[in-house]
Every structure is written in C-alpha cells, then in structure tokens.
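Here the structure is laid out as structure tokens; the discussion comes afterwards.
The values are calculated or read from the model by the stated rules, or taken from the named source; none is laboratory data. All values reported here derive from a predicted model rather than from experimental measurement. Note: ideal-geometry Cβ built from the backbone for every residue, glycine included; neighbour counts use all protein chains shown. SASA here: full protein model, heavy atoms, side chains in, ligands and nucleic acids out. Shrake-Rupley method; radii C 1.70, N 1.55, O 1.52, S 1.80 Å.
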Amino acid sequence: MTAAISRKASHSMALVALFAALMAVMGLIPKIDLPLGVPITLQSLGVMLAGCLLGARRGFQSMLLFLAAVAAGLPLLSGGRGGLGVFMAPSAGYLVGYALAAGVTGALMRTLPQGTPLRTATSAFIASVLGGLVFLHAMGIAGLVLLAQMPLDKAFLADLVFVPGDLVKCALCAVVVHTVAKAQPDWPFGGRER
C-alpha cells in the first residue's frame with residue numbers, strides 16, 4: 001500500500017515538474033511587445049494545457065512551481081525575463097493569474113462531459129476559454145488597473161488585443177487534448193479518477 005501511494009505521489013510530482021518545465025520551454029518563443037507593457041507570449045497555452053491535462057490541483061501546483069522559479073530570478077518568461085521585478089510590472093496580473101487560471105481550467109475540465117476524444121476536446125476548448133482566457137484576462141485587467149493605474153474601461157479595451165490569439169491557443173489546447181484522448185483513452189483529464 002505504501003509503495004502504491006509513493007508511486008502515485010512520485011508520478012504526480014513528475015507531472016507537476018514536467019508542466020513547469022513546459023512553461024519554461026514556451027518562454028523560449030520570442031514575445032511580441034505591446035505599448036501597454038504586456039507582451040504577447042505562448043505561455044498562456046501552457047496554463048490551459050496544465051489545467052486540462054493535470055486537473056485543478058496539479059495544474060495549480062505546476063504553475064506555482066514555475067512562478068516560484070521566475071520569482072527566484074530564473075529568466076523563464078518569454079524574452080528572458082525573471083526576478084521579483086516582473087511581479088511589479090503591468091503584466092503582473094496575468095502572471096499571478098497563471099496558477100489560479102490553471103486551477104479554474106482544471107476544475108472546469110473535471111466537471112465538463114468527456115468520453116469520446118471529440119467530446120473531451122470540446123470540453124477542453126470550453127474549459128480553456130472560461131479558465132485560461134476569461135478568468136486569466138480578468139486577472140490581467142485587474143493588474144493593469146492596480147499596477148499600471150489604467151482606468152478599468154481602458155484596461156478592458158487594451159486587453160481585447162490578446163483575445164484572438166488566446167482563442168487560437170484554446171483551439172490548440174483542444175487539439176492536444178484530442179490527440180492525448182485518442183492515444184491514451186484512460187488519461188485523467190481535469191484530474192478525474194479513472
């Protein structure tokens with residue numbers, strides 16, 4: 001019994017570390033700088049994937065591990081950024097939202113219907129839109145209002161520039177989930193027990 005629990009805990013820790021590393025790899029993709037101080041990056045796709053594939057708890061943990069590494073000074077954010085200073089920049093709301101959005105996406109994925117690869121992918125798209133786009137953008141807008149001293153209406157309008165690209169990321173997340181569901185039908189999407 002102890003060996004089974006230890007094996008499960010080791011597997012869980014490996015997945016958390018793997019997705020934190022995946023976020024770091026996504027940070028190697030060059031960012032697109034915008035005048036409002038928040039760049040366009042690929043890393044929000046990692047948030048969506050972590051929630052859909054790992055579930056709320058492990059998705060949250062993986063993003064928290066990634067953010068801890070960034071806070072420790074590792075240049076893991078797109079463009080080679082890292083350190084505590086990034087949590088004081090206009091993009092800080094998005095960064096802080098990474099872990100919470102992965103948790104929300106995972107919780108939604110767990111409750112949405114699954115079964116066939118297509119249904120699971122559709123659920124992943126919905127969970128990604130609600131958790132990885134709507135919730136994450138709400139956190140980002142809050143960061144713009146609090147840290148960049150931007151009025152709420154202007155912060156909302158500025159945030160809209162990210163929506164088309166993030167909808168594409170939601171679709172990419174759904175494609176990855178569809179592929180995993182076909183190859184590994186017993187994968188515990190959203191942290192569901194099988």
(request) Could you work out how far apart the two model spin labels at D186 and A17 are, taking each label as a point 7 Å from the Cα in the direction of the beta carbon, and quote it in nm? (result) 2.5
(message) What does the net charge come to around G51 if you take all other residues with beta carbon closer than 12 Å to its beta carbon, with K and R at +1 and D and E at -1?
(response) +3
(request) Take each of the peptides 101-113, 137-149, average the number of other beta-carbon atoms within 10 Å over its residues, and list them starting from the highest. (result) 101-113, 137-149
(request) Report the percentage of all Cα-Cα pairs in the chain whose separation exceeds 30 Å, rounded to a whole percent. (result) 18
(request) Using a Förster distance of 45 angstrom, determine the FRET efficiency expected from the C-beta separation of T116 and L74, and round it to 0.05. (result) 0.65
(message) Can you compute log10 of I(q)/I(0) for the stretch 53-132 with the Debye formula, treating each Cα as one identical point scatterer, at q = 0.12, 0.18 Å⁻¹?
(response) -0.40, -0.74
(message) What distance in nm separates the two pseudo spin-label positions at L172 and S10, each 7 Å out from Cα along the beta-carbon direction?
(response) 3.3
(request) Order R192, R57, most accessible first, counting only protein heavy atoms with a 1.4 angstrom probe. (result) R57, R192
(message) If R₀ is 22 angstrom, what is the calculated FRET efficiency for the pair L152 and M88, using the beta carbon separation as r and rounding to 0.05?
(response) 0.65
(request) At 1.4 Å probe size, with every protein chain present, just tell me what the per residue accessible area of the chain comes to in Å². (result) 48
(request) Could you pull out every one of the lysines with an alpha carbon less than 19 Å from that of K169, ignoring same-chain neighbours closer than 8 positions? (result) K31
(message) If every alpha-carbon in the stretch 107-171 counts as one equal scatterer, what log10 I(q)/I(0) does Debye give at q = 0.20, 0.25 1/Å?
(response) -0.76, -0.97
(message) Along its three principal axes, how long is the stretch 83-194 when you only count alpha carbons? Whole Å, largest extent first please.
(response) 47, 26, 22
